[in-house]
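Please read the structure below before turning to the comments.
The values are calculated or read from the model by the stated rules, or taken from the named source; none is laboratory data. Everything quoted here is computed from the prediction, not taken from an experiment. Every residue, glycine as well, gets a Cβ built from its backbone with ideal geometry; the counts of neighbours run over all protein chains shown.
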Amino acid sequence: MKLVSYKTEDREHLGVFVNGHIYNLHSCDKLIPDNMKDFLCEGEELMEHAKHVHHGIQSGKIEAREEVFFEVIAPVPYPASCRDAYAFRQHVETARRNRKVGMIAEFDQYPIFYFTNHNAIQGPGDIECMPDHFEKLDFELEVAVVLNKKGRNIKASEADSYIAGFMIMNDMSARTLQMEEMLLNLGPAKGKDFSTVIGPWLVTPDELEPYKVAPKPGHTGNSYDLKMKCWVNGKEVSSGSMADMEWTFAEIIERCAYGCDVLPGDVIGSGTVGTGCFLELNGAGLLNDPDYQTQWLQPGDIVEMEVTGLGALSNTIIKANSDFSILNLKKVGVVEKLRA
């Protein structure tokens, strides 16, 4: 089942995507709230109601009116929180090699994540960026899950049952801001907090059963062979598979929930697939060829991502009508005095 959040006349609604059309769930079953946030808070019971409606529309047993004039928004427009993990070995190894440092042993010991701005979630459409964001503006091709149960100290062996569904994620990154602040061993923050894109819909785990594969040796939890691709202005720039995740979402959830509550509506990203960002691609290119032409996202660029079973997510990069720069606010004079 594919669940969709959408707007009509600036009102948010919850729908189900069936045979190329969107149908309002609340109009088919009044027990189902008309927004994703409240729906996820009710957990598995309302998910079963939604599946009943979905099957009814598919079979023709439920006559529903399809939506015609609407705007698709992020499937989970208002997450309770948004974390992003670091689960793909190829991305980590390549990024470290490009910085001429070896692979870090801790990657194999435990999964890690950071919190990003859950108030900057976006869906398909325009991404407005400030001038500083265009200082090495990057995409990051990922998959994300959303939870629909509250839990604490969850074991990896049980964690998959907390997943309501899967989405494509584009973890937008302003690399100059990111690298500057991380020199102080804190972050990422300003390099990430302006936009995280998810969509186009939330796909329930049962739809991904045909793609299930064994996790990496020594790991616990469900793994799926979902092909992941990204195009910029129609040119393919990234290709990988969700099966390459070293750490499963179950193991990531186990760490997230240790000693604290995870909540319905929490979004958790996989981290970047190998080849899944310009930072990695540019670094590898320059390592092999000093004359390699680096690439970063520019105003007007169209970023399209596609993941098997999860659909396609398209965004256009827009330049904000502003010249305000926080990079220009650095206290350069103070630094020069300290160095003198």
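Quick rundown of the values:
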item: Selection count where residues are in contact with an Asp or Glu (Cβ under 6 Å, 6 or more places away or on another chain) and aliphatic (A, V, I, L, M), scope segment 106-119; result: 0
item: Enumeration of residues in segment 8-49 that are basic (Lys, Arg) and surrounded by 14 or more Cβ atoms within 10 Å (Cβ to Cβ); result: Lys37
item: Any hit, segment 117-124, residues being surrounded by fewer than 18 Cβ atoms within 10 Å (Cβ to Cβ), farther than 30 Å from Phe70 by Cβ and not basic (Lys, Arg); result: no
item: Lone unmet requirement of (1) in contact with an Asp or Glu (Cβ under 6 Å, 6 or more places away or on another chain); (2) modelled with pLDDT of 95 or more; (3) outside any strand (DSSP E or B); (4) closer than 30 Å to Ser239 by Cα for Met103; result: (2)
item: Selected residue [within 20 Å of the chain's Cα centre (by Cα), farther than 22 Å from Gly276 by Cα and either part of a loop (DSSP other than H, G, I, E, B) or aromatic (Phe, Trp, Tyr) (or both)] from Pro77, Pro111; result: Pro77
item: Among the candidates Asp132, Asp160, residue that is acidic (Asp, Glu), within 15 Å of Thr248 (Cβ to Cβ) and in a helix (DSSP H, G or I); result: Asp160
item: Every residue from segment 285-331 that is of a type in the set (A, V, I, L, M) and part of a loop (DSSP other than H, G, I, E, B); result: Leu297, Leu310, Ala320, Ile326
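Residues are listed down the side, and each one gets a yes or a no for (1) within 20 Å of the chain's Cα centre (by Cα); (2) within 16 Å of Arg83 (Cα to Cα); (3) touching a residue at least 40 places away in the same chain (Cβ under 8 Å):
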site: Leu147; (1), (2), (3): yes, yes, yes
site: Ile154; (1), (2), (3): no, no, yes
site: Ser157; (1), (2), (3): no, no, yes
site: Tyr162; (1), (2), (3): yes, yes, yes
site: Gln178; (1), (2), (3): yes, no, no
site: Glu181; (1), (2), (3): no, no, no
site: Asp193; (1), (2), (3): yes, yes, yes
site: Thr196; (1), (2), (3): yes, yes, yes
site: Pro200; (1), (2), (3): yes, no, yes
